[in-house]
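Trainee: Sharing a structure with you now.
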Amino acid sequence: MSAATPLPQERRLVTAIPGPKSQELQSRKLGAVPAGVGTTLPVYVSRAGGGVLEDVDGNSLIDFGSGIAVTNVGNSAAAVVARATEQLAAFTHTCFMVTPYEGYVAVAEQLNELTPGGHDKRTALFNSGAEAVENAVKIARAYTKRTAVVVFDHGYHGRTNLTMGLTAKNMPYKQGFGPFAPEIYRVPVAYPYRWLTGAENCAAEAAAQAIEIITKQIGAENVAAIIIEPIQGEGGFIEPAKGFLPAIVEFAKANGIVFVADEIQTGFCRTGQWFACDDEGIVPDLITTAKGIAGGLPLAAVTGRAEIMDAAHSGGLGGTYGGNPVACAAALGAIETMKSEDLNGKARQIGEVMLGRLRAMQEKFDVIGEVRGRGAMIAVELVKPGGKEPNPEATAAIAKACHAEGLVVLTAGTYGNVLRFLPPLVIPEHLLAEGLDILESAFAGV
């Protein structure tokens, strides 16, 4: 059990899921919150910690979602709570652009040190992942004096107008919300499982295709930034074939293009390394972070080469709440926890357990087309048996069965056919094993 929480680390079902109190709250939600704000599992949480979520009906659910890769250090981690509480009592806001404070600077220093590369860096803080991506585009355009932005098939970068344009998947993210920002271009990504000529050809062919589109259709000299998730999140936890990312980085460098790594879902020990770029030694020009940065408080960042980050004029970057002092304190507590509890090592252990169990399930259930991922960022892609046709129906049915048994799982994928697993990195081993047992039973039932 995490030292940060007194919650019993056990699955406990005392009502149907969702229970009567959750159903009552859901009824209130429908009368107060717009329909566009959806809910994956309408279980209303009262407490959370370690590897469990406790709801208002007294049920205790195993958490394989971490609030979409946010509570990497667990919910209400001790250092996060202590630092945030101390800051809350001191002051809650001044606006860093008006009267600054040390916490913002301290977080920037930590990110400059932890992110890939030993070069001189600067960090600017924001509120959300989408806001970080938008500002990375602003910074890249200011530096290069160019306008075009290149993104990839299956990519996800946010829900603002610009980041919807950068995002590949239409439903539910883009449908009905256009027109979108101009000068956005999409190129192929190295998706090994679905590459038509086979996974062994994927990296070289995908890189060649992407580079040809950029050079022939856009003009490399017009491109300000290339933005990619080192492991694509909402697109289905797609890990680009080895060699693809280095080829894109090399092309960007040769053509004066800012290479932006969107590590909003992959960052902060999630993949068993501080950042997913570390796996192939990628050193991005700019890196965007959010989600796991502050243990659940809203905070985001753009970190990058000093000469690029300094290209924007004074006053050109910022925002009223960017780098909120309480969120900064929480981030320092989260980073402290990641270091002291070796959460990179724990993520790797989680990955070994999950990949072993899931590959064994793949041998038993022909609906599982592929098992993939690194560290505690693992997914299974579901297909119609006998081929690779996406199977979103089975995906939804298995997720529903898991939810009914008290296991929180998430779905993803451009085709809606991926189950993704993002347990807190502090989840106890027995809960991880029990969650996988529930998942296996769900596969057997479907």
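Trainee: Filter the range 174-193 down to the residues that are within 22 Å of Ile226 (Cβ to Cβ) and either in contact with a Cys (Cβ under 9 Å, 6 or more places away or on another chain) or touching a residue at least 40 places away in the same chain (Cβ under 8 Å) (or both), then identify the one that is surrounded by the fewest Cβ atoms within 10 Å (Cβ to Cβ).
Mentor: By that ranking, first place goes to Pro192.
Trainee: Can you confirm whether Leu425 is at pLDDT 95 or above, in contact with a Cys (Cβ under 8 Å, 6 or more places away or on another chain) and surrounded by 19 or more Cβ atoms within 10 Å (Cβ to Cβ)?
Mentor: Here the answer is yes, as Leu425 does meet what is asked.
Trainee: Can I ask one more? For the range 44-62, which residues satisfy the criterion of being surrounded by fewer than 22 Cβ atoms within 10 Å (Cβ to Cβ) and either free of Cβ contacts under 8 Å to residues at least 40 places away in the same chain or aliphatic (A, V, I, L, M) (or both)?
Mentor: Tyr44, Val45, Ser46, Val56 - these are the residues of the range 44-62 that are surrounded by fewer than 22 Cβ atoms within 10 Å (Cβ to Cβ) and either free of Cβ contacts under 8 Å to residues at least 40 places away in the same chain or aliphatic (A, V, I, L, M) (or both).
Trainee: Looking at this structure, is Gly323 in a loop (DSSP other than H, G, I, E, B), buried (at least 17 other Cβ atoms within 10 Å of the Cβ) and not hydroxyl-bearing (Ser, Thr, Tyr)?
Mentor: Spelling it out, Gly323 is indeed in a loop (DSSP other than H, G, I, E, B), buried (at least 17 other Cβ atoms within 10 Å of the Cβ) and not hydroxyl-bearing (Ser, Thr, Tyr).
Trainee: If a residue counts only when it is farther than 30 Å from Gly416 by Cα and of a type in the set (Ser, Thr, Tyr), which strands (runs of 3 or more DSSP E) contained entirely in the range 1-116 have at least 3 such residues?
Mentor: Correct list: empty, since no element meets the threshold.
Trainee: So, Arg141, is that one touching a helix residue (DSSP H, G or I) at 6+ places or on another chain (Cβ under 7 Å) and closer than 30 Å to Ile184 by Cα or not?
Mentor: no
Trainee: Which pairs have Cβ atoms under 7 Å, sit 6 or more apart or on different chains, and link a residue in the range 248-261 that is in contact (Cβ under 8 Å) with a residue 12 or more places away in the chain to one that is of a type in the set (D, E, K, R)?
Mentor: Final answer for the pair search is Val258/Asp285; Phe259/Asp285; Val260/Asp285.
Trainee: Restricting attention to the range 239-286, report how many residues are touching a Leu at 6+ places or on another chain (Cβ under 9 Å) and among the aromatic types (Phe, Trp, Tyr).
Mentor: Residues meeting the conditions: 4.
The values are calculated or read from the model by the stated rules, or taken from the named source; none is laboratory data. Here the structure is a predicted model, which means the values were calculated and not measured. Every residue, glycine as well, gets a Cβ built from its backbone with ideal geometry; the counts of neighbours run over all protein chains shown.
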